[in-house]
Amino acid sequence: QVQLVESGGGLVQAGGSLRLSCAASGSIFSINAMGWYRQAPGKQRELVATITNGGSTNYSDSVKGRFTISGDNALNTVYLQMNSLKPEDTAVYYCNADLFGYSDYISVNHWGQGTQVTVSS
């Protein structure tokens, strides 16, 4: 059993900052990559940022330069520092992990329950 627990969402004014955290726990052998995705009402879930166990990062164009993804060495905990927030950043933010459990022969994708981020204008 693997759990991803997000925290840090909330309400902030435009131009403000928030820091999201995602903690992975359970029967985890190794984590290949972690990521943040978001889904706004009426829209599809979209990639925000990812980080690999080698430290490589990737960002969507809409957040590049404003958001920073980071994590500990084993990626058991990842963070998303969000600065210069805009109303269009309002969404439910989901943590995603691509990992091997102790009984997995191939890596498996896992999702957290999501945390709401609301940016007021």
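The values are calculated or read from the model by the stated rules, or taken from the named source; none is laboratory data. Because the structure is predicted, anything quoted here is derived from the model rather than measured. Backbone-built Cβ (ideal geometry, glycine too); neighbour counts: all protein chains shown. Note: areas computed on protein heavy atoms with side chains; ligands, DNA, RNA excluded. Shrake-Rupley method; radii C 1.70, N 1.55, O 1.52, S 1.80 Å.
Structural remarks
- Among residues of the range 28-56, those that are open to solvent by less than 30 Å² (accessible area, probe 1.4 Å) and either part of a loop (DSSP other than H, G, I, E, B) or without any contact (Cβ under 8 Å) to a residue 24 or more places away in the chain (or both), counted: 1
- Matching residues in the range 57-79 - criterion: being assigned to a strand (DSSP E or B) and open to solvent by 60 Å² or more (accessible area, probe 1.4 Å): 57, 58, 68, 79
- Candidates 70, 21, 56, filtered to the one that is modelled with pLDDT of 95 or more and over 14 Å from the mean Cα position of the chain (by Cα): 56
- Meets criteria (of a type in the set (Val, Ile, Thr), without any contact (Cβ under 8 Å) to a residue 60 or more places away in the chain and either on the phi < 0 side of the Ramachandran plot or exposed (fewer than 15 other Cβ atoms within 10 Å of the Cβ) (or both)) for residue 12: no
- Among the residues here, residue 84 qualifies as over 14 Å from the mean Cα position of the chain (by Cα), within 18 Å of residue 8 (Cα to Cα), open to solvent by 50 Å² or more (accessible area, probe 1.4 Å) and small (Gly, Ala, Ser).
- Scan of the range 80-121 for residues that are part of a strand (DSSP E or B) and either out of contact with any Phe, Trp or Tyr (no Cβ under 7 Å at 6 or more places or on another chain) or acidic (Asp, Glu) (or both), ordered by number: 91, 92, 97, 98, 99, 108, 109, 110, 116, 118, 119, 120
- Residue count for the range 99-110 satisfying the condition of being surrounded by 14 or more Cβ atoms within 10 Å (Cβ to Cβ) and farther than 15 Å from residue 27 by Cβ: 0.
- Test: residue 68 is without any contact (Cβ under 8 Å) to a residue 40 or more places away in the chain, of a type outside the set (Gly, Ala, Ser) and closer than 15 Å to residue 17 by Cβ: yes
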